[in-house]
1. Give the residues of region 62-88 that are crowded, with 22+ Cβ neighbours inside 10 Å and in contact (Cβ under 8 Å) with a residue 24 or more places away in the chain, sorted by residue number.
2. Quick one: what pairs do we get from region 140-156, first residue at pLDDT below 95, second basic (Lys, Arg), C-beta under 8 Å, 6+ apart or different chains?
3. Tally time: how many residues in region 137-167 are in contact with a helix residue (DSSP H, G or I) (Cβ under 6 Å, 6 or more places away or on another chain), closer than 21 Å to Glu108 by Cβ and in a strand (DSSP E or B)?
4. Give the residues of region 168-198 that are of a type outside the set (Ser, Thr, Tyr), assigned to a helix (DSSP H, G or I) and farther than 20 Å from Ala148 by Cα, sorted by residue number.
5. In region 90-123, what count of residues is obtained for those that are closer than 20 Å to Pro152 by Cβ, part of a loop (DSSP other than H, G, I, E, B) and either touching a residue at least 40 places away in the same chain (Cβ under 8 Å) or of a type in the set (Ser, Thr, Tyr) (or both)?
6. What residue, among those in region 15-61 that are of a type in the set (Val, Ile, Thr) and over 22 Å from Phe111 (Cα atoms), is surrounded by the most Cβ atoms within 10 Å (Cβ to Cβ)?
7. Would you pick out the residues in region 211-233 that are touching a strand residue (DSSP E or B) at 6+ places or on another chain (Cβ under 9 Å) and either surrounded by fewer than 16 Cβ atoms within 10 Å (Cβ to Cβ) or within 23 Å of Asp44 (Cα to Cα) (or both)?
8. Pairs, please: C-beta under 8 Å, at least 6 apart or cross-chain, first residue closer than 18 Å to Gln176 by Cα and in region 202-219, second surrounded by fewer than 17 Cβ atoms within 10 Å (Cβ to Cβ) and modelled with pLDDT of 95 or more?
Amino acid sequence: MHRTPLSPPPLVYAHRGDRSRAEDNTLGAYRLAVEAGADGVELDVRRTADGVLVMNHDDRRPGFPPIVEMTIADIQRQTPSMPTFIETLASIPQDVWLNVEIKNFPDEADFDEARNTVSQVIDTIDRYDSPDRILLSSFDPVTMERAAEVCPEMLRAQLVRLPYGLDVGIAAALSQGAHAVNPELAHFSMDSEAAISAIRDAGLKTIVWRVEAPEDIAMLFNLGVDGVITDDPASARRVIAQL
């Protein structure tokens with residue numbers, strides 16, 4: 001089977017790198033994820049005041065201004081462990097997939113109403129890496145719609161979290177021509193068979209996030225999900241070896 005960031009299962013994505021052993025979204029965490037046997041690394045993109053793409057989950061680090069109000073020079077001086085997107089692309093081997101999440105929430109300081117960050121992310125990938133190893137994702141449906149317009153051939157996954165239902169995520173994915181819907185584990189807590197059936201009936205793949213317990217990892221892969229996003233990729237690998 002041809003390998004892509006969405007196949008073949010079972011795929012293990014390290015959540016912001018190997019968070020079980022290092023500070024998340026750092027080059028060290030990404031390196032450890034690769035060493036742990038992760039198929040891919042999930043990471044978060046934000047932008048600085050001077051338009052540099054950097055890796056961080058939240059819109060700011062504790063004790064510092066919002067990232068969008070700091071220049072790259074400020075960040076390199078005050079929070080040097082925060083890598084740029086370009087540094088990240090260069091640091092992760094080409095045979096490891098990247099799930100690049102574009103952060104864009106209306107209640108955060110760096111909300112990008114025009115969704116211009118989408119083009120910058122895709123342009124950076126085109127210039128410094130290969131779109132073939134990227135799975136682009138976001139919780140923001142408009143961001144994903146823009147990504148579909150800018151680079152329709154790139155694999156894309158619509159993220160969904162509670163209180164939004166899985167049906168909302170599936171509908172958004174279908175409307176923008178996405179290739180996958182990526183729900184959190186809680187979406188499988190009520191009727192896991194119905195959840196995977198709804199995704200498969202829609203013709204979508206799925207990588208489930210917020211998955212840590214070995215029994216949940218085993219349940220999801222036995223159910224037929226394509227992958228999981230986890231803080232401890234080595235643990236997930238051990239579970240898979242026993243399936």
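1. Within region 62-88, Ile67, Ile75, Met82, Pro83, Phe85, Thr88 qualify.
2. Note: no pairs meet the criteria.
3. 3
4. Selection gives Leu185, Ala186, His187, Phe188, Glu193, Ala194, Ala195, Ile196, Ala198.
5. 0
6. Val41
7. Taking region 211-233 and keeping what is touching a strand residue (DSSP E or B) at 6+ places or on another chain (Cβ under 9 Å), we get 211-212, 216-217, 220-221, 225-233.
Answer for region 211-233, where residues must be touching a strand residue (DSSP E or B) at 6+ places or on another chain (Cβ under 9 Å) and either surrounded by fewer than 16 Cβ atoms within 10 Å (Cβ to Cβ) or within 23 Å of Asp44 (Cα to Cα) (or both): Val211, Glu212, Ile217, Val225, Asp226, Gly227, Val228, Ile229, Thr230, Asp231, Asp232, Pro233.
8. Filtered contacts from region 202-219: Ala202/Leu174; Leu204/Leu174; Lys205/Ser7.
The values are calculated or read from the model by the stated rules, or taken from the named source; none is laboratory data. Everything numeric here is computed off the predicted structure, so don't read it as measured data. Positions of Cβ are generated from backbone atoms using ideal geometry, with glycine treated the same way; all protein chains shown enter the neighbour counts.
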